[in-house]
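Here the structure is laid out as structure tokens; the discussion comes afterwards.
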Amino acid sequence: MARPDGVKVVANNRQARRNYEILDTFEAGLVLSGSEVKSLREAKVTVSDAYARIIDHEAWVIGLHITPYSHAADTFGDANPERDRKLLLHRSEIDKIKARLDQDRLTLVPLALYFKDGRAKLELGLGKGRTGV
């Protein structure tokens, strides 16, 4: 699914919008290896089980499953498809997210994974859990 603004959606987390009331969204880059990017281009990723955390003033996504690239000659230690991946956000955004997570008891949920101008991006949402789901 390609959009005219240069955004190619790889994966959506439809369950997150059902289980959480999304109050605010952020766009973050991902630190990936070359073979992981190739797997993303083939849409071999699962976002539904992932969640994000702020640990030591750094943003991390945990549980994002990227299937190893099938044609990779050597994975250079990337054998774990569910390793924790660092998110690239500005310091002010991280501080803002951390303050809202602590104060309002919200959850940081990955909503979508996409390519924007050739770079992998993850849309994060600050969500409040719905009751009675």
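Check Ile66, Ile62, Ile54, Ile94 and return the single one that is modelled with pLDDT under 95 and aliphatic (A, V, I, L, M).
Among Ile66, Ile62, Ile54, Ile94, only Ile66 is modelled with pLDDT under 95 and aliphatic (A, V, I, L, M).
Residues of the range 29-53 that are within 11 Å of Leu111 (Cα to Cα) and not in a loop (DSSP other than H, G, I, E, B): Tyr51, Ala52. Flag: Leu113 matches the condition of being modelled with pLDDT of 95 or more and in contact with a Leu (Cβ under 7 Å, 6 or more places away or on another chain).
Could you list all residues from the range 96-133 that are part of a helix (DSSP H, G or I), surrounded by 12 or more Cβ atoms within 10 Å (Cβ to Cβ) and among the hydrophobic types (A, V, I, L, M, F, W, C)? Selection gives Ile97, Leu101. Scanning the range 85-95 for residues that are under 30 Å from Ser35 (Cα atoms) and either open to solvent by 50 Å² or more (accessible area, probe 1.4 Å) or among the acidic types (Asp, Glu) (or both) turns up Lys86, Leu88, His90, Arg91, Glu93. Residues that are touching a residue at least 40 places away in the same chain (Cβ under 8 Å) and acidic (Asp, Glu) were ranked within the range 17-61; the one that is most open to solvent (accessible area, probe 1.4 Å) is Glu21. Every test in (1) of a type outside the set (Val, Ile, Thr); (2) touching a Lys or Arg at 6+ places or on another chain (Cβ under 9 Å); (3) within 22 Å of Glu58 (Cα to Cα) is passed by Glu21 save one, and that test is (3). Taken over the range 69-84, the residue count meeting the criterion of being modelled with pLDDT of 90 or more and buried (at least 20 other Cβ atoms within 10 Å of the Cβ) is 0.
The values are calculated or read from the model by the stated rules, or taken from the named source; none is laboratory data. Just so it is clear, the structure is predicted and the values come from calculations on it, not from any experiment. As a convention, Cβ positions derive from the backbone with ideal geometry for all residues, glycine included, and neighbour counts pool all protein chains shown. Keep in mind that these areas ignore ligands, DNA and RNA; they rest on the heavy atoms of the full protein, side chains included. Shrake-Rupley method; radii C 1.70, N 1.55, O 1.52, S 1.80 Å.
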